[in-house]
Amino acid sequence: MASVPASALLETTDLTALFQRQKARSEALRREEAAPRAARLRKLGQWIATNRTAIQQALHADFRKPALETDVTEIWPSQTELKHTLRHLKRWTAPQPVDTPLALMGARGWMQAEPKGVCLVIAPWNYPFYLAIDPLISALAAGNCVIIKPSEMTPAVAALLSRLAQEVFDPAEVVVVEGDKDVATELLKLPFDHIFFTGSPQVGKVVMRAAAEHLTSVTLELGGKSPAIVDDTANLRDAAEKIVWGKGINAGQTCVAPDYVLVHEAVQEPLLAEMRAVMQRFYNPGGQGVVASESFARIVNQHHFERVAGLLEDAQQRGATVAAGGHVDGRQRFIEPTILLNAPPDSRVMQEEIFGPLLPVRTFRTLMEATDEVNARPRPLALYVFTQSKENQRYLLRNIPAGGAAVNETILQLAHPDLPFGGAGNSGIGRAHGYAGFLAFSNEKAVLKQRTGRTGIKSFYPPYTPKVQRMVNWLLKYL
Ligand SMILES: NC(=O)C1=CN([C@@H]2O[C@H](COP(=O)(O)OP(=O)(O)OC[C@H]3O[C@@H](n4cnc5c(N)ncnc54)[C@H](OP(=O)(O)O)[C@@H]3O)[C@@H](O)[C@H]2O)C=CC1
Ligand SMILES: CCCCCC(=O)O
């Protein structure tokens, strides 16, 4: 059976047995070419296409994610990654020749990507399907076996992923282990060859400590406070649409959501007016209130609902004012998209990753002021710049370190398969998607092939006579 619900696991030995079975299989997979890997990926793609409704239903059951949002933010990015990988797999798995430097003339060099072996994917709850499937695609493309631990906070999707594994894969190649963080803790004791973790920086540190025991490589896709900077040259209607969309999807529970806005003081009011209009157009077209909208999700569980509602309350207690939204309904874990003004820098909403539909808006007078405010916090996962000035764009992109960035857009830097996705500093280590994702799950073996009887280094063989020293002096001077 390819799926192993935590309840079925009597003790750690079951996980060890799972791991050992995959370890054995991974040695066989190492000798495979691209074709069988592509065949597995195509089977996965067929399953996703066949089970679109089941995927929508699972996401709706877990936190009332609109079916269309599931299509756009779970199914479509999974299919995009899969098609891109299938299109390039043969080239990625072929030897990658490199140029030969003068000093090594006569030799040939290439990089040969090799599977790492048995990989662990720990997925979060916010895009529970896509954020399990995307690393799975990269891991399979690179020739690995995979154990997936989905979040217990989205049980319907976890069960769906179990069914997927059972129906599509050999359990010795892909298995889903459902369970809570205790199960994750037990899995982290095993000597995986790579761990791909998506989640909070706090748990990312737990994962990295565990990985250190076995010197296991990690990809940490973490989070942080991603700023949206709107300067006084920006197209405000365009900026408003993209910021409200990026904040509103998944009810703000998105790692690359614009967390807060810094707007030039000269255009704050017109930007607010544009954002209010967009919020009404997106989520309250008929005037029944956003709570009635079928286009807006809910907070995933009571814990996160109380956390986000607490951020709103703390901000208001510290003097922040609500410029739009503000309606909260605990019975259905609903929090309206809410714009906050004058949230103090030391308020929780300006200190913690919001990961919900609150949008603090603060003003700046100079780009240096905006840059200093962002750089005073841990490095963000994403930086959003809204400007029509190439000079301002260049200044902000150059002076604000971040995992990734988008100019006059939000979120979509993540959807570009040729753009490596990941964080910087506290927001993550390593990259995902496309070739970067393939390499994350590969060992890049460097190969140098020399012609028999020839080597550029022969002139420097011992004994180190004055003639050899003269050759070395020439080498240091000219090569
Ligand atoms: N960079 C990226 O691509 C993304 C980053 N994120 C970030 O993830 C966070 C929100 O996701 P969330 O799921 O709440 O993150 P968590 O870090 O709480 O959980 C992530 C995963 O780790 C598991 N986990 C929790 N505690 C432990 C532990 N002590 N040891 C081992 N595993 C553990 C969780 O299991 P369980 O849920 O069953 O407890 C879950 O499967 C935000 O910070 C967000 O920015 C989210 C999406 C994408
Ligand atoms: C396509 C949207 C996926 C977003 C994954 C995240 O940022 O949490």
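The values are calculated or read from the model by the stated rules, or taken from the named source; none is laboratory data. Quick caveat, the model's predicted, so the values are computed rather than measured. All Cβ positions, even for glycine, are placed from backbone atoms using ideal geometry, and neighbour counts span all protein chains on display. All accessible areas refer to the heavy atoms of the entire protein, side chains included, with ligands and DNA or RNA removed. Shrake-Rupley method; radii C 1.70, N 1.55, O 1.52, S 1.80 Å.
Beta-bridge orientation, the chain: approximately 35 percent antiparallel, per DSSP, counting only bridges with both partners inside.
For the stretch 29-98, the fraction of C-alpha pairs more than 19 angstrom apart is 46%.
Accessible area per residue, 1.4 Å probe, Å², for the chain: what's the number?
On the way: 21070 Å² over 479 residues.
About 44 Å² of surface per residue is accessible.
I'd like to know which of Ala415, Ala446, Ser427 lies farthest towards the positive end of the charge dipole of the stretch 364-479, counting +1 on Cβ of Lys and Arg and -1 on Cβ of Asp and Glu. It is Ala446. Largest first, the residues Asp232, Asp193 sort by 1.4 Å accessible area into Asp232, Asp193. Rounded to the nearest 10 degrees, the angle from helix 236-248 to the longest Cα principal axis of the chain is 80 degrees. Here the stretch 227-418 is treated with +1 on each Lys and Arg Cβ and -1 on each Asp and Glu Cβ, and its dipole about the Cα centre works out to around 220 debye. Accessible surface for Asp418 stands near 100 Å², nearest 10, in the context of the full protein assembly shown (1.4 Å probe).
If I take all pairs of Cα atoms in the stretch 227-418, what percentage of them are more than 21 Å from each other? Display every interim value, and only then the final one.
Details: 8631 of 18336 pairs.
Pairs farther apart than 21 Å: 47 percent.
Taking trypsin sites (Lys or Arg not before Pro) across the stretch 300-407, the ones in a DSSP loop with at most 16 further Cβ atoms lying within 10 angstrom of their Cβ are Arg318, Arg365. The label-point distance for Glu409 and Thr80, in a model that sets each label 7 Å from Cα toward Cβ, rounds to 0.8 nm. Can you tell me the 0 to 90 degree angle between the C-alpha axis of helix 12-30 and the longest principal axis of the chain, rounded to 10? It works out to around 50 degrees.
In the stretch 239-301, which GluC sites (Glu not before Pro) fall in coil by DSSP and have 14 or fewer other Cβ atoms within 10 Å?
Numbers: sites: Glu241, Glu265, Glu274, Glu294; in loops: Glu294.
In loop regions of the stretch 239-301 (DSSP not H, G, I, E or B), the sparsely surrounded GluC sites (Glu not before Pro) are Glu294.
For the residue pairs Lys449/Lys477; Lys390/Lys445; Lys65/Lys225; Lys23/Lys458, the C-alpha atoms sit more than 31 angstrom apart in Lys390/Lys445; Lys23/Lys458. In the stretch 227-418, the DSSP beta bridges split such that about 20 percent are antiparallel, to the nearest 5. For the stretch 356-449, with all protein chains in place and a probe radius of 1.4 Å, 52% of the accessible heavy-atom surface sits on carbon or sulfur.
Computed from label points 7 Å out along Cα-Cβ, the spacing between Thr455 and Asp180 is 6.0 nm.
Per-residue Karplus couplings for the stretch 186-201, computed as 6.51 cos²θ - 1.76 cosθ + 1.60 with θ equal to phi - 60°, are listed in order as 5, 4, 5, 7, 8, x, 5, 8, 7, 10, 10, 10, 10, x, 7, x Hz, Gly and Pro entered as x.
Under a Cβ-only charge scheme (Lys and Arg +1, Asp and Glu -1), can you give me the dipole magnitude of the chain about the Cα centre, in debye to the nearest 20? Write out the running numbers ahead of the final one.
Numbers: 52 positive and 48 negative charges, 501 e Å.
Dipole magnitude for the chain comes out near 2400 debye.
Counting every alpha-carbon pair across the chain, the share separated by more than 28 Å comes to 57%. Relative to the longest principal axis of the Cα atoms of the chain, the long axis of helix 130-141 makes an angle of roughly 10 degrees.
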